[in-house]
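All remarks here apply to the structure that follows.
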Amino acid sequence: MNGAFTTGEFAALCGVTKHTLFHYDALGILSPARVGENGYRYYAPQQLEVFHVIETLRELDMPLSEIRAYLDRRSPGELVELLEREGALLDRKLRRLRQMRDLARQKAALTRSALARTPGVVAEEVQPEALLVCTPSHPMTSDADSARSLAEHVRYCQAHGVRSPHPVGCMLPLEGARSWDLSAYTHFYTQVSRRPGRDTALYVRQAGRYLTLFHTGGYGTVAEGYRRVLDHAAARGLALRGPFFEDPLLDELSVRGYENYALLLSVGISGAERASSA
């Protein structure tokens, strides 16, 4: 056969091993154009295009069985239908990949900002308006109650298509913090960058001045963090407007175990807020 390639030559042109070609032959996907009397396999130049179609379909995650079925019934009409279907699938994958890329970049930025904070220091800072997708919490009298409330929040976010680089935070009324009642959390929330659908429960945290504390030591010692913030406000005669917002800045993705989580506690300073645009 003039212009034919041996298995080794054809494999080299395609950038695969001979074993890949043997596998495709065994599955009936791409067989040699001719097998010589000496048992040597020869591939025709036009089979290069067939191979590239197979590899393209594989990159689209099409199973080899479906690739074989397409090649068995190939026609111009079948090709158009295949490419349009796979093109739509690629569009969905690209949107998903862009979302993953954006979430990864935002998560990295959040982690860098956490590393720039000084633990244990109460500070006054201006915070921008924040959009929080909220769900109510059951009274957290046990770990089971906390887990149930968190699960309900996660399911709510999933049902409403909420995706965010921010870990799940929670709200604690001023009264709960002042009485050291850490079972009094009222809501779990996830911060989002844009307003979700109208049927999504949304809390708008007003822009303005806040007392903040970057608390290390995890949830087991967080009561001490609340005490520091309240003592700081009392010593300076600052009136506070609740609730407290408790945001994990370093969570299981970057540290091991709840006791090593780093939390940002924030509470508004009364009279220092700006009007919300909600």
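The values are calculated or read from the model by the stated rules, or taken from the named source; none is laboratory data. Everything numeric here is computed off the predicted structure, so don't read it as measured data. All Cβ positions, even for glycine, are placed from backbone atoms using ideal geometry, and neighbour counts span all protein chains on display. Heads up: the accessible areas ignore ligands, DNA and RNA and are worked out on the full protein's heavy atoms, side chains in. Shrake-Rupley method; radii C 1.70, N 1.55, O 1.52, S 1.80 Å.
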> If you add up the charges near SER149, with Lys and Arg at +1 and Asp and Glu at -1, over every other residue whose beta carbon is less than 12 angstrom from its beta carbon, what do you get?
Replying inline: -1
>> Leaving out ligands and nucleic acids, and using a 1.4 Å probe, what accessible area per residue does the range 1-143 come to in Å²?
In response: 64 Å²
> What value, in deg cm²/dmol to 500, does the helix sum -39500 (n - 2.57) over DSSP H runs of n ≥ 4 give at 222 nm once divided by the residues of the chain?
Replying inline: -13500 deg cm²/dmol
> How much net charge surrounds LEU83 when only other residues with a Cβ under 13 Å from its Cβ are counted (Lys, Arg +1; Asp, Glu -1)?
Replying inline: -3
>> Rolling a 1.4 angstrom probe over the protein chains, ignoring ligands and nucleic acids, what is the accessible area of LEU82 in square angstrom, nearest 10?
In response: 10 Å²
> Which angle from 0 to 90°, rounded to the nearest 10, does the C-alpha axis of helix 222-235 make with the longest principal axis of the chain?
Replying inline: 40 degrees
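Working out 0.36 nm times the residue gap between ALA147 and TRP180, then minus their Cα-Cα distance, what length gain in nm do you get to one decimal?
Numbers: separation 33, 0.36 × 33 = 11.88 nm, distance 2.06 nm.
Length gained, ALA147 through TRP180: 9.8 nm.
How large, in percent, is the carbon and sulfur part of the accessible surface of the range 31-184 at a probe radius of 1.4 Å?
Accessible surface attributable to carbon and sulfur in the range 31-184 totals 55 percent.
Specify the longest stretch of the chain that does not include any exposed loop site, a site being one of the trypsin sites (Lys or Arg not before Pro) with a non-H, G, I, E, B DSSP assignment and at most 14 other Cβ atoms within 10 Å.
Of all site-free stretches, the longest is 75-162.
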>> Between [x] 1, 6, 14, 18, 19, 18, 13, 7, 3, 1, 0; [y] 1, 5, 9, 12, 12, 10, 7, 5, 4, 5, 6, 6, 6, 5, 3, 2, 1, 0, 0, 0; [z] 1, 5, 11, 15, 17, 16, 13, 9, 6, 3, 2, 1, 0, 0, which entry matches P(r) over Cα pairs in 5 Å bins from 0, in percent as derived from the coordinates of this structure?
In response: [y]
> Which residues in the range 192-232 have a backbone N closer than 11 Å to a point placed 7 Å from the Cα of GLU124 along the Cα-to-Cβ line?
Replying inline: 209-211
> Which whole-number percent is the relative contact order of the chain (Cα, under 8 Å, 6+ apart)?
Replying inline: 17 percent
>> Rounded, prolate or oblate, given the Cα gyration tensor of the range 173-261, with a/c below 1.5 counting as rounded?
In response: oblate
>> Please give me, ordered by residue number, the GluC sites (Glu not before Pro) of the range 17-56 that lie in loop per DSSP and have at most 11 other Cβ atoms within 10 Å.
In response: GLU37
> Tell me, what ³J(HN,Hα) does each residue in the range 87-96 have, in order and in whole Hz, if you take phi through Karplus 6.51 cos²θ - 1.76 cosθ + 1.60 with θ = phi - 60° and put x for Gly and Pro?
Replying inline: x, 5, 5, 5, 4, 5, 5, 5, 4, 5
>> If exposed means no more than 14 neighbouring beta carbons inside 10 Å and the site is in a DSSP loop, what's the longest run of the chain without any exposed chymotrypsin sites (Phe, Trp or Tyr not before Pro)?
In response: 41-179
> Which distance in nm do the two modelled labels at ALA26 and ARG74 give, with both placed 7 Å along the Cα-to-Cβ direction?
Replying inline: 2.3 nm
